[in-house]
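Below is one structure, written out as structure tokens, with a few remarks after it.
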Amino acid sequence: MSLKPQPYITLPGTRFQPLATELGLERYNLLEVSDDSVNYEDLFGGNEVAFVVHEGKLTLSGPTYVRNEEPMVCVIEGDLIVDGPLVIRDLDLYVPLWVKGSLIARDLLLSADAQVFIEGDLKLTGNLVTDGTDATHLVVHGEAQVGAWLRPGHRGAIYLPASVPDPLEGEALAARLAPTLVQPRNRSLTLCEHVLAGQPLLRD
């Protein structure tokens with residue numbers, strides 16, 4: 001895959017600034033935004049929680065592939081707008097992405113241990129794919145507009161408004177998957193590649 005993943009803090013156009021841990025814990029209540037699903041102790045144990053904050057709207061151009069390298073909490077104090085698909089694939093570490101506004105993109109794929117909390121709306125012109133672990137979180141407090149919701153596995157805490165269509169999963173999903181996604185060597189990575197390349201996930 002030509003597009004290499006990178007952490008939130010190094011994405012072009014981002015202006016994340018560190019925030020003191022005491023202020024972060026006071027200002028950003030993870031248990032509340034996660035609908036009582038997870039807290040900082042669950043994610044970071046007794047370690048200090050690092051916070052970084054991007055003030056205002058963040059616009060990202062083109063396909064965006066995220067894989068973080070250090071545990072932290074990334075807050076966007078505004079909307080997150082991606083001109084293309086957004087794929088988040090965190091491996092064996094926790095980096096909650098907290099969007100105070102709305103998240104707008106073509107497609108959104110959460111893989112492995114990805115965590116996203118949206119206080120505003122989720123607006124996708126394409127598909128939502130949740131293919132993570134028990135640690136995966138997607139919580140949307142506003143409205144949601146998605147084409148289709150693909151859920152290859154049942155793991156993770158996914159809290160979406162009633163406007164989201166029922167997920168395609170199990171045999172129903174298997175019957176609709178594009179031929180290139182049937183029994184791939186690494187399903188999770190292949191899904192990421194398809195979404196980033198704009199390839200169809202479902203048969204017509």
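Descriptive notes on the structure:
- Distance in nm between pseudo-label sites at Thr133 and Gln145 (7 Å out along the Cβ direction from Cα): 3.5 nm
- Nearby lysines by direct alpha-carbon distance to Lys123 (threshold 23 angstrom, same-chain neighbours under 8 apart not counted): Lys57, Lys100
- Each residue of the range 37-46 was assigned a 3J(HN,Hα) from its phi angle through the Karplus expression (A = 6.51, B = -1.76, C = 1.60, θ = phi - 60°), giving 8, 8, 10, 5, 4, 4, 8, 10, x, x Hz with x at Gly and Pro.
- With eigenvalues of the C-alpha gyration tensor scaled by 5 and rooted, the range 91-135, Å: 19, 14, 6
- Long-range HN-HN contacts of Phe51 with modeled amide H, under 5 Å: Leu19, Val73
- Here the extension length gained between Arg187 and Arg203 equals 4.1 nm, from 0.36 nm per residue of separation less the Cα-Cα distance.
- Note on Lys4 and Thr180: their simple-model spin labels are 2.3 nm apart, each label 7 Å out from Cα toward Cβ.
- DSSP finds beta bridges in the range 1-116, and of those with both partners inside it, around 10 percent are antiparallel.
- Short-range pairs are left out: with C-alpha atoms under 8 Å and at least six residues apart, the relative contact order of the chain is 13 percent.
- Altogether, the Stokes-Einstein calculation at 10 °C and 1.306 mPa s, with the Kirkwood radius of the chain over Cα pairs as Rh, returns a diffusion coefficient of 93 µm²/s.
- Other residues with beta-carbon under 15 Å from the beta-carbon of Pro5 carry, at +1 per Lys or Arg and -1 per Asp or Glu, a net charge of -3.
- Given +1 at the Cβ of Lys and Arg, -1 at the Cβ of Asp and Glu and no other charges, the dipole of the chain around its Cα centre is 900 debye to the nearest 20.
- Neighbour counting of Cβ atoms within 10 Å sorts the residues Asp113, Asp204, Asp42, Asp134, fewest neighbours leading, into Asp204, Asp134, Asp42, Asp113.
- Projecting the Cα atoms of Cys192, Trp149, Phe16 onto the charge dipole of the chain (Cβ charges, centred on the Cα centre) puts Cys192 farthest toward the positive pole.
- Neighbour net charge for Thr133 - beta-carbon separation under 13 angstrom, K R +1, D E -1: -3
- Environment charge at Leu191 (Cβ cut-off 13 Å; Lys +1, Arg +1, Asp -1, Glu -1): +1
- Selected from Leu60, Ala174, Thr133, residue furthest toward positive end of dipole (the chain; charges at beta carbon): Ala174
- For the chain, the share of DSSP beta bridges that are antiparallel, to the nearest 5, is 10%.
- Gap separating the Cα centres of the range 125-188 and the range 1-71, nearest whole Å: 22 Å
Read the figures in this text as sums done on the coordinates, not as results from a lab. Every value quoted in this text rests on a predicted model; they were computed, and no experiment measured them. Cβ coordinates were reconstructed from backbone atoms using ideal geometry, including for glycine residues, and neighbour counts include every protein chain displayed.
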